[in-house]
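For reference, the structure is listed below as structure tokens.
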Amino acid sequence: KEIKLSHDYDLQLLKKRVFDMFQWHDDEDVRRKYWAPYFPLIQSSGMGKTKLLYELKQHINNEERSYHCILVLCSSGELEGDMTHTYNVAMELEECMKREPDPSLKYREVEKELESTTKYNGGKPVVLLFDEAQNLLVGKDGHLFNCIKWWLCKKNKNPRKVVAVFAGTTLQFATVARDPPEAPIWGEYWMDGHERYPPFFELHTMGCLLS
């Protein structure tokens with residue numbers, strides 16, 4: 001992942017899209033427009049998605065120090081070898097849901113895992129980058145993906161300001177319907193939005209890698 005980029009066009013464009021999403025937390029008009037503070041990054045395999053996410057994580061954590069960025073591999077098992085340098089954590093949220101036998105409480109297991117992943121944020125707003133995020137599109141009607149969206153929209157979560165990018169190879173992220181949270185006891189949520197943030201397609205990372 002230490003191969004240098006010959007330009008940072010993609011990086012700067014992605015960074016702007018990510019930081020613009022924090023308006024969702026601060027501006028009621030933005031919340032009334034968009035479902036939740038996330039967008040998908042869609043591109044074919046081998047086109048540089050992981051490299052771009054890694055560069056964004058490094059840039060935010062080293063140069064944009066008022067924010068904290070976490071790069072998540074959506075996969076089971078422990079990180080090994082070079083992956084320990086690229087990713088902060090490997091996360092298998094489907095397995096988290098299986099720990100709870102009560103279907104009405106499975107969301108809480110996802111919530112606990114996300115809060116555990118983001119708790120060492122130093123009080124900063126958090127950028128969550130999910131790589132291989134097509135692995136989150138499991139369960140009936142995208143239930144797991146909806147669980148993550150609910151958590152992003154929760155009013156009193158800690159940390160309060162979290163935005164997310166879901167990088168994968170499928171457009172299904174743009175078609176998963178948004179269901180309301182299933183249990184009022186889970187908390188209060190911002191649910192007024194009616195549009196999705198558009199996907200990020202502008203990816204030239206493979207073309208700007210130096211040999």
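The values are calculated or read from the model by the stated rules, or taken from the named source; none is laboratory data. Nothing here was measured: the structure is a model prediction, and the numbers come from that model. A quick note on method: Cβ atoms are made from the backbone with ideal geometry, for glycine too, and the neighbour counts reach across all protein chains shown.
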Original post:
Restricted to the range 124-154, and to residues that are at pLDDT 90 or above and assigned to a loop (DSSP other than H, G, I, E, B), which residue is farthest from the chain's Cα centre (by Cα)?
Top reply: K124
Original post:
Restricting attention to the range 164-211, and to residues there that are more than 24 Å from K154 (Cα to Cα) and in a loop (DSSP other than H, G, I, E, B), which single residue is modelled with the highest pLDDT?
Top reply: T169
**OP:** Considering only the range 9-22, state which residues are surrounded by fewer than 16 Cβ atoms within 10 Å (Cβ to Cβ) and more than 16 Å from the chain's Cα centre (by Cα).
**Re:** Y9, Q12, L13
**OP:** Can you run down the residue pairs with Cβ atoms below 7 Å, 6 or more apart or on separate chains, where the first is in the range 151-168 and more than 17 Å from Y34 (Cβ to Cβ) and the partner is surrounded by 19 or more Cβ atoms within 10 Å (Cβ to Cβ) and basic (K, R)?
**Re:** A167/K49
